[in-house]
Each structure stands twice: as structure tokens, then as C-alpha cells.
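Here the structure comes first, spelled out in C-alpha cells, and everything after it is commentary.
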Amino acid sequence: MLDVHILVSHDTRREWVAQCLDSVHEAADRAGYPVSICMVPGVPGHIGKARAVGYSLGLHPYVTFVDDDDYVLPEAFAQMADALRTGAAAICTPELTLQNGQLRPGHTRHHLIAYRRDVLIDHAQWSCCGDVAQLAAIAPADVIDLPSPQYVHRLYGTSKARALRRDNPAELERAHG
């Protein structure tokens, strides 16, 4: 029912990648439905090219991703089960942020969004803001917001993705439509 890809960058701390992989496998084991996991090499300076490869893999009707420097909680995919069965275009999981050892409420509609495969945009055209453009391409009425945070987004000063977004403000503006 769900394909999950993890873009793995060569410079992500190995212990973070290990935590990410362990968490995704545990959540997949607890999902109660088929979850396939694939690791995809990151493309330096272009998140969208690697994301396009990740989304092209697998056969399940829904796709999502987990960043290699983040992790999910054990019920992340199980929480999605009923919503996936509705056929909604996107199922969004709230997140927690982890910064300086502190967990805090994070954004909604930011990470761990399962998309119906048939609504995916061409991510290869977006160096850093394809995820923003993807959600903007879906009608709000076709999005389900889940209640419980199940994704932990790690905030730190050397994040390459954040640097890419800062360096490409026009792309972020275009992604928002």
C-alpha cells in the first residue's frame, strides 16, 4: 500500500542515517499493511532529481519519503492506515522538531506526507522546493491531516536542504504558486 524512499547523502552523519533506517523499518513492521522501503543516493545540490528517482520506485498506490537525518516514531505508518483506504490524494502527518536535544511541536503538512502515486508532479524540475510544489498542486479538500505527530524533523545549522532553499528564494516563491 505504501512505498517509502530515503534519500541518503554522503555527508549525513552515519548514526543519524542508522536511526532513520531503524525507525522506518520498525514503523513498517507495525503498519498492518504492506510497506516497501528503498534507499536512494542523494544528488548533491539537487534534491528533486533524487526525489524523482525515489518516487519512481515501487508499485504501491501511495508514496512518501523520510529524510536521512530525521526519523519516524513507531506508529507513523499504522496511523495512516484508515486514511490511505479513503483514496485521498495526500495524507499528512504532523511533526515534532528536535533541536539542541529538545523536542517541540513542528509543522503540519511538511514531512511524512503520503501521496497517491497518480498525483505526483515531476520533482526533477525542482532543485529544492519540489515538496512544497507537490502539496500546492493538490486541492485542500483532497488532503487528510492526521492527529498525532509521528515524524521527528532534526533542526541543525549545517542542513544542506535549508541552505539550498536560502540560496533559491525564487524557487520557493514559484513553488507556493
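Scanning region 145-177 for residues that are crowded, with 16+ Cβ neighbours inside 10 Å, modelled with pLDDT of 95 or more and in contact with a Cys (Cβ under 8 Å, 6 or more places away or on another chain) gives a single hit, 146. Comparison of 123, 107 shows that the only residue that is closer than 21 Å to residue 88 by Cα and open to solvent by 90 Å² or more (accessible area, probe 1.4 Å) is 107. Of all residues in region 28-43, one or more are modelled with pLDDT of 95 or more, open to solvent by less than 20 Å² (accessible area, probe 1.4 Å), in a helix (DSSP H, G or I) and under 24 Å from residue 146 (Cβ atoms). Checking each residue in region 132-144 for being open to solvent by 40 Å² or more (accessible area, probe 1.4 Å) and without any contact (Cβ under 8 Å) to a residue 60 or more places away in the chain picks out 136, 137, 139, 140, 141, 142. Of all residues in region 81-104, those being open to solvent by 10 Å² or more (accessible area, probe 1.4 Å), under 15 Å from residue 66 (Cα atoms) and touching a Leu at 6+ places or on another chain (Cβ under 6 Å) number 2. On inspection, residue 18 qualifies as open to solvent by 10 Å² or more (accessible area, probe 1.4 Å), farther than 15 Å from residue 145 by Cα, without any contact (Cβ under 8 Å) to a residue 12 or more places away in the chain and of a type outside the set (Lys, Arg). Just one residue in the set 66, 43, 72 is touching a helix residue (DSSP H, G or I) at 6+ places or on another chain (Cβ under 6 Å), more than 19 Å from residue 154 (Cβ to Cβ) and of a type in the set (Val, Ile, Thr); that residue is 43. Of all the criteria given as (1) of a type in the set (Ser, Thr, Tyr); (2) at pLDDT below 95; (3) buried (at least 19 other Cβ atoms within 10 Å of the Cβ), the one not satisfied by residue 9 is (3).
The values are calculated or read from the model by the stated rules, or taken from the named source; none is laboratory data. Just so it is clear, the model here is predicted, and its values are computed rather than measured. Counting neighbours? That spans all protein chains shown, and the Cβs are built from the backbone with ideal geometry, glycine included. The protein model used for the area step is the full one, side chains on, heavy atoms only, and it has no ligands, DNA or RNA in it. Shrake-Rupley method; radii C 1.70, N 1.55, O 1.52, S 1.80 Å.
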